[in-house]
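The values are calculated or read from the model by the stated rules, or taken from the named source; none is laboratory data. Since this is a predicted model, take the numbers as computed values, not measurements. Don't worry about glycine lacking a Cβ; one is built from the backbone with ideal geometry, like all the others, and counts go over all protein chains shown.
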Amino acid sequence: MPLRLFRRLPWAVALLSLTALAAPPGDGGTPQATAEGSAPLDGRDGRDLALRLFRPEPRLRVERHLVERARFPVVDVHTHFGIRFKGDAEKREEYVEVMDRNGVAVCVSLDGGWGDAIDDHVRSLGERHRDRFVVFANIDWRGRGRMDEPATWDCLRPEFPRVAADMLADAKRRGAVGVKIFKDFGLVYRNGDGSVIRVDDERWDPIWRACGELGLPVLIHTADPSAFFEPIDARNERWEELHRRPEWSFHGPGFPRRDDLFDARNRVVARHPGTTFIAAHMGNDAEDLATLGEWLDRWPNLHVDIASRISELGRQPYTARRFLVRYADRVLFATDGPWPESRLRLYWRFLETFDEYFPYAENAFPPQGFWNIYGVGLPDDVLQAIYHGNAARLIPGVRERLDRAAAR
């Protein structure tokens, strides 16, 4: 559909609608025609423009502060060295150098797995850099010893909660200091009758209770951004992203409602006040910080990390700054990396400066939403709490590693 037909629509909606003209972004190369013999959708000389070829260059001229190193030592509580590096020692060594340059003292790898897999992951990260990493285990809900083994759905067996609680004690002996729950739990995994397994099912209470008794914080990913639960249409502000990754859409009767997922997670948090919960990605509700604040006010054992959410926080800098200052003791630094060094430095810029209208990721094509962000210029005491203080208080082994790093 021609660009000229959208001139009366709000700009963002019009821009998203244009994506229907093109295939998902990939090569970014030669413009494609809409049909044989028609003009390319390259925007030149007044021609229509395919969204995947849209590369606006802002003409805004404002102060820029390119922060190359965090002001205080950093603990990144949300990284995926197993998923992203898959045991590649060379990539690990390269990233340790990135950590050194940027002031990242410790990374929490959330890919520890279960059983013997924990040993492998702890060894692969700690063989040369014992003080730079800690590892979270992953509950094996589907009864697989390793990710490539067939599922046996052990969690449906009556004895599973008791066995899992014992396995958590074993995970701690193997070196795990916490537990990461992936979003498939509550969103994808199903009971024998086909219904989705509920996060707040009382069957799992022995597991959450064991985490508290063992001192293992639970970093839990529940639901996803609001756009992922909405129709993929012209009103969806992340249409382009979902067009590229349709498997990220959870809209429709086959999936639980987003609010129901949040309610279920919060009931677990409320039932287990002795267990520390860290809700990943700003609780996946960075679009509604007022509601997120209400959750934090109500449940003192609930915390959040900022992994992959500066894109959301940075487009509401006044609201976000007020939130981060008020809840400085409940927010943990996180990236969802390891990412390229250039993205790390955007986190420093977001948190430490009042810069205006800069990208939230290094990608030429924005990975999440078509907007730029603004810095929140946090005070030093808030920065220190978010960068490392809260992690040192909540995650076993972190404080000791920070102390040894400071003594070197």
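Of all residues in the stretch 57-92, those satisfying the criterion of being surrounded by 12 or more Cβ atoms within 10 Å (Cβ to Cβ), charged (D, E, K, R) and not in a loop (DSSP other than H, G, I, E, B) are Asp76, Arg84, Lys91, Arg92.
Quick check on this structure: which one of Ala264, Ala223 is within 22 Å of Tyr189 (Cα to Cα) and touching an Asp or Glu at 6+ places or on another chain (Cβ under 6 Å)? Outline the logic, then answer.
Values: Ala223 fails: touching an Asp or Glu at 6+ places or on another chain (Cβ under 6 Å).
So the residue among Ala264, Ala223 that is within 22 Å of Tyr189 (Cα to Cα) and touching an Asp or Glu at 6+ places or on another chain (Cβ under 6 Å) is Ala264.
Inspect all residues belonging to the stretch 261-271 and state whether any of them is acidic (Asp, Glu) and part of a loop (DSSP other than H, G, I, E, B).
Among the residues of the stretch 261-271, not one is acidic (Asp, Glu) and part of a loop (DSSP other than H, G, I, E, B), which makes the answer no.
For first residues located in the stretch 384-404 and farther than 18 Å from Gly212 by Cβ, partners that are basic (Lys, Arg) and part of a helix (DSSP H, G or I) and lie 6+ apart or on another chain with Cβ distances below 7 Å form the pairs Ala392/Arg399. Selection of the stretch 276-298 for residues being of a type in the set (Phe, Trp, Tyr) and under 19 Å from Arg393 (Cα atoms) yields only Phe277. Exactly one residue among Arg132, Arg123 is over 20 Å from the mean Cα position of the chain (by Cα) and at pLDDT 95 or above, and that residue is Arg132.
Looking at this structure, is Leu296 out of contact with any helix residue (DSSP H, G or I) (no Cβ under 6 Å at 6 or more places or on another chain), assigned to a loop (DSSP other than H, G, I, E, B) and either at pLDDT below 95 or under 27 Å from Val135 (Cβ atoms) (or both)? So Leu296 does not fit the description; no.
Under the condition of being part of a helix (DSSP H, G or I) and at pLDDT below 95, which residue from the stretch 94-117 is surrounded by the fewest Cβ atoms within 10 Å (Cβ to Cβ)?
Here is the first cut: in the stretch 94-117, the ones part of a helix (DSSP H, G or I) are 94-102, 116-117.
If we keep only those that are at pLDDT below 95 too, we end up with 116-117.
Details: Asp116: 10, Ala117: 21.
Per the criteria, the residue is Asp116.
Against the test of being charged (D, E, K, R), assigned by TED's automatic domain parsing to the domain that holds Arg209, surrounded by fewer than 20 Cβ atoms within 10 Å (Cβ to Cβ) and more than 23 Å from Ala165 (Cα to Cα), the options Arg244, Arg271 yield a single qualifying residue, Arg244.
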